[in-house]
1. Taking only pairs six or more apart or across chains, which ones have beta-carbon atoms under 9 Å, a first residue in region 101-128 that is closer than 24 Å to THR160 by Cβ and β-branched (Val, Ile, Thr), and a second residue that is open to solvent by 60 Å² or more (accessible area, probe 1.4 Å) and in a loop (DSSP other than H, G, I, E, B)?
2. What about ILE171, is it within 32 Å of the chain's Cα centre (by Cα) and at pLDDT 80 or above?
3. Looking at region 129-140, which of its residues are in contact (Cβ under 8 Å) with a residue 60 or more places away in the chain and either surrounded by 15 or more Cβ atoms within 10 Å (Cβ to Cβ) or aromatic (Phe, Trp, Tyr) (or both)?
4. Going through region 265-295 one residue at a time, which ones are among the charged types (D, E, K, R) and open to solvent by less than 80 Å² (accessible area, probe 1.4 Å)?
5. When you go through SER24, SER12, SER56 one by one, which is the residue that is among the polar types (S, T, N, Q), under 30 Å from VAL94 (Cβ atoms) and at pLDDT below 75?
6. Do we find that THR124 is under 21 Å from the mean Cα position of the chain (by Cα), more than 30 Å from SER14 (Cα to Cα) and surrounded by 13 or more Cβ atoms within 10 Å (Cβ to Cβ) in this structure?
7. Give the number of residues within region 28-53 that are modelled with pLDDT of 75 or more and either assigned to a loop (DSSP other than H, G, I, E, B) or under 30 Å from LEU93 (Cβ atoms) (or both).
8. Say whether the condition of being closer than 30 Å to MET215 by Cα and either in contact with a His (Cβ under 8 Å, 6 or more places away or on another chain) or aliphatic (A, V, I, L, M) (or both) is met by at least one residue in region 266-273.
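The values are calculated or read from the model by the stated rules, or taken from the named source; none is laboratory data. In this text the structure is predicted, and so the values were computed from the model without any measurement. Quick reminder, even Gly has a Cβ in these numbers, built from the backbone with ideal geometry, and neighbours come from all protein chains shown. The accessibility values were calculated without ligands, DNA or RNA, using every heavy atom of the protein model including side chains. Shrake-Rupley method; radii C 1.70, N 1.55, O 1.52, S 1.80 Å.
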Amino acid sequence: WLRGIRHKFTPSVSTGFGPDYSRSRFFQQYIRTPRPGKRDTLRYSIWEEAQYGSVSSNPREMRLSYSLSNVIEFKYFNARRDTVMKRRLFDNLVFSGDYNFTRDTLKWSTIGTGGVFRFFKGLTNLSWGVVLDPYIADARGNRINRFAVDHSGRLFRMTTFQLSMNTNFTIRQVLDQFGKKFSKSTDAKPGGGKDSNKDDRLLSWVESMSIGHNMGMSRQLIPTGYGTARDTFLISHNDLSFSGSIPLNSKWNIGIGRVGYDFKNKTMTFPDLNITRDLHCWQLSLNWQPTYGTYIFSLNVKPGSLDFLKVPYRKNNFDARL
């Protein structure tokens with residue numbers, strides 16, 4: 001059944017150097033309060049409001065950045081299709097960090113990694129991220145210049161673990177997953193008429209409806225002493241949303257987006273309404289978010305009709321402010 005496993009490993013190394021401008025003539029100072037005993041001196045950069053920005057006031061720094069990219073996939077024999085198929089276990093699993101040559105302590109940075117798992121032919125994506133630290137921390141959670149391998153025998157200590165699940169699908173995709181293929185021609189009744197138009201409109205409603213669920217979780221290790229930590233599990237977000245398009249007729253269309261429920265805050269999520277009217281060569285649209293008092297009203301020329309006319313009329317209101 002298993003025909004082979006393939007591991008692709010791609011290393012990448014880069015370096016960067018930043019000079020020390022803090023003692024140069026690019027920085028000057030002036031006295032804001034000349035009173036005796038309350039003298040206040042402000043240091044500023046002469047290029048602070050320049051077109052290309054100001055120079056950095058950080059000390060001299062030289063870093064070596066690295067990343068390790070991994071792709072692991074396998075081949076297997078599918079007896080039902082009588083062919084060999086390929087699947088990926090890890091898609092672009094990257095470990096990245098840097099080493100600072102100019103620092104006296106804590107030269108190694110934390111190491112970040114993460115990846116994405118796809119389920120149900122891409123309908124559900126599971127993203128995860130981990131932060132690893134080669135140093136241990138004190139009782140206050142601050143990094144100290146002592147390697148974790150010397151203290152506990154482990155190369156790294158995990159400081160943060162994040163997990164996010166995103167599911168977004170349309171009704172049409174669900175029906176296709178279960179093999180219920182349909183089309184307008186098969187659903188419409190023979191001979192057309194009002195019943196056929198009603199079925200076509202109902203079918204277009206079903207095809208445009210989508211449901212999304214987003215949930216994010218994180219597990220943070222808060223250090224309480226040398227080599228010890230307290231697990232803290234948090235749910236960052238958990239919401240269910242609905243969106244779709246309702247064609248009332250051949251001219252009017254109503255779009256509904258992000259209407260749902262926030263399970264973490266226990267409240268309804270704000271709606272996003274879009275109303276459009278087809279005016280032959282023109283198009284009238286209104287975008288409205290009632291919760292925030294935001295709307296955009298516009299009158300535009302339809303593409304391909306009168307493109308030489310640059311006459312977009314727009315009136316908007318953001319966050320209930322004109």
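1. The qualifying pairs are THR110/PHE156; ILE111/PHE156.
2. On the way: within 32 Å of the chain's Cα centre (by Cα): yes; at pLDDT 80 or above: no.
The answer is no for ILE171.
3. ILE136, ALA137
4. Residues satisfying the conditions are ASP272, ARG277, ASP278.
5. Working: SER24 fails: under 30 Å from VAL94 (Cβ atoms); SER12 fails: at pLDDT below 75.
After ruling out the rest, the residue left standing is SER56.
6. Details: under 21 Å from the mean Cα position of the chain (by Cα): yes; more than 30 Å from SER14 (Cα to Cα): yes; surrounded by 13 or more Cβ atoms within 10 Å (Cβ to Cβ): yes.
So THR124 fits the description; yes.
7. 1
8. Narrowing region 266-273 to residues closer than 30 Å to MET215 by Cα: 266-273.
Those left that are additionally either in contact with a His (Cβ under 8 Å, 6 or more places away or on another chain) or aliphatic (A, V, I, L, M) (or both): 268, 273.
Checking region 266-273: at least one residue is closer than 30 Å to MET215 by Cα and either in contact with a His (Cβ under 8 Å, 6 or more places away or on another chain) or aliphatic (A, V, I, L, M) (or both).
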